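One structure is given below, encoded as structure tokens.
The values are calculated or read from the model by the stated rules, or taken from the named source; none is laboratory data. Note that the structure is predicted; figures quoted are calculated from it, not measured. When we count neighbours, we look across all protein chains shown, and the Cβ atoms used for this are built from the backbone with ideal geometry, even at glycine. Heavy atoms of the whole protein, side chains included, go into the accessibility calculation; ligands, DNA and RNA do not. Shrake-Rupley method; radii C 1.70, N 1.55, O 1.52, S 1.80 Å.
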Amino acid sequence: LKFIFGPCALPALDLVDQRSVTRVVSPSGRTAYQVLGSSGKLYTCYSSCHFCTCPAFDFSVLQKNESLLCKHILAVYLSQALGACQELTVSEEQLTNILLAEDEEEG
């Protein structure tokens, strides 16, 4: 994994080991992932479009094009593959609030 994904592989595996990845699902089937980062901050990830709200994703992936993903996205993919995601079912309104909270923090 480290050969393919570089320096984010080990921190991503740590996040999986700590069960830091939660799959958030609404009754309509909309899904997002929340990852509790090593700093204690909660990041929202979207595996369907390969996006994370963390600063490392913004800088290393989007701006500098130095990496394919951040440790949070990799942790989501690994957790999916290993069946290690925690599950949280929320209402449509709660999921909307989760998604809007991320926008408000960035804006």
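Before moving on, here are some points about what is shown:
- Of all DSSP beta bridges confined to the chain, the antiparallel ones make up roughly 75%.
- Kirkwood hydrodynamic radius (C-alpha pairs) into Stokes-Einstein, the stretch 6-93, 20 °C and 1.002 mPa s, D in µm²/s: 164
- Within the chain, helix-based [θ] at 222 nm, where runs of 4 or more DSSP H residues each add -39,500 (n - 2.57), nearest 500: -11000 deg cm²/dmol
- Once the Cα-Cα distance is subtracted from the 0.36 nm per residue extended length, the LEU82 to ARG30 segment shows a gain of 16.6 nm.
- Scanning residues 5 or more positions from CYS45 or on other chains, those with amide H under 5 Å from its amide H are TYR33, GLN34, VAL35, with H placed 1.01 Å from N in the peptide plane.
- Surface share of carbon and sulfur [accessible, 1.4 angstrom probe, percent] for the chain: 56
- Charge tally for VAL21 (other residues, Cβ to Cβ under 12 Å; Lys, Arg +1; Asp, Glu -1): 0.
- Only Lys, Arg, Asp and Glu carry charge here, each on its Cβ (+1 for the first two, -1 for the last two); on that basis the stretch 11-107 has a dipole of about 340 debye about its Cα centre.
- For the chain, the relative contact order works out to 31 percent when only alpha carbon pairs closer than 8 Å and six or more residues apart are counted.
- Taking every protein chain into account, the accessible area of the chain amounts to 59 square angstrom per residue (probe 1.4 Å).
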